[in-house]
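First up is the structure itself, then whatever we jot down about it.
Read-outs throughout are calculated quantities, based only on the coordinates presented, and are distinct from any laboratory measurement. All of these numbers come straight from a predicted model, not from anything done at the bench. When we count neighbours, we look across all protein chains shown, and the Cβ atoms used for this are built from the backbone with ideal geometry, even at glycine.
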Amino acid sequence: MHSLVRRYLKTAIVFLATGLLIGTWMMIERELLNRFPNSYETSAHVHAILVGFVMMMILGVALWLFPRPAKEDTRYTPGAASAAYWLVTVGTAVRIVGELVRPATNALSLRIATLVAGILQVLGLAVFFYTMWGRIRPVGSKVREEKGERF
């Protein structure tokens with residue numbers, strides 16, 4: 001397994017732990033203190049789990065399992081896959097922190113940082129799928145399909 005794939009997968013697990021901690025904290029507050037989570041806490045929890053864990057896990061596994069890039073593929077570069085990792089990771093981490101801190105302050109700088117973090121997430125996903133597009137192709141299945149095999 002390539003080091004970039006391991007980085008995606010291990011980062012996904014860190015975001016899962018983060019999301020579980022936020023969720024546990026929200027449950028403790030709800031059940032013991034009768035304080036329901038606000039929309040910022042909910043957003044932080046959702047982004048930790050869905051973008052941080054689920055998407056990072058999907059991206060890492062795709063990077064690992066998809067066929068190697070074709071020789072003529074100019075879209076795929078390890079540098080772009082690494083850039084996508086950093087965009088999604090930094091964007092998600094800053095977004096989580098920004099959402100959790102937001103109820104304490106209405107500072108314009110925090111609101112802008114949180115917005116930029118969300119944009120980094122989107123850019124990271126766009127870069128990843130742009131660079132991976134050529135790797136979404138038939139390899140062995142094309143030959144089997146041409147022989148009439150159904151699966």
Report the FRET efficiency, 1/(1 + (r/R0)^6), for Ile119 and Leu21, where r is their Cβ-Cβ distance and R0 is 30 Å, rounded to 0.05. 0.75
Could you pull the Cα extents of the chain along its three principal axes, largest to smallest, in whole Å? 64, 33, 25
Label-to-label distance, nm, for residues given as Ala126 and Ser109 (7 Å Cα→Cβ offset): 2.8 nm
What list do you get for Tyr130, Tyr76, Tyr8 if you sort them by fewest beta carbons within 10 Å? Tyr130, Tyr76, Tyr8
The stretch 74-138 to the stretch 1-65: how many Å between their Cα centroids? 14 Å
For Val139, Val116, Val88, which order do you get if you count the other beta carbons within 10 Å of each Cβ and list the fewest first? Val139, Val116, Val88
Between Ser39 and Val61, the FRET efficiency computed from the C-beta separation at R0 = 35 Å comes out, to the nearest 0.05, as 0.70
Under a Cβ-only charge scheme (Lys and Arg +1, Asp and Glu -1), can you give me the dipole magnitude of the chain about the Cα centre, in debye to the nearest 20? 420 debye
25 °C / 0.890 mPa s Stokes-Einstein diffusion coefficient of the stretch 2-69, Kirkwood radius on C-alpha pairs, µm²/s: 189 µm²/s
Expected 222 nm ellipticity per residue - DSSP helices of 4 or more, -39500 (n - 2.57), all of the chain, to 500: -23500 deg cm²/dmol
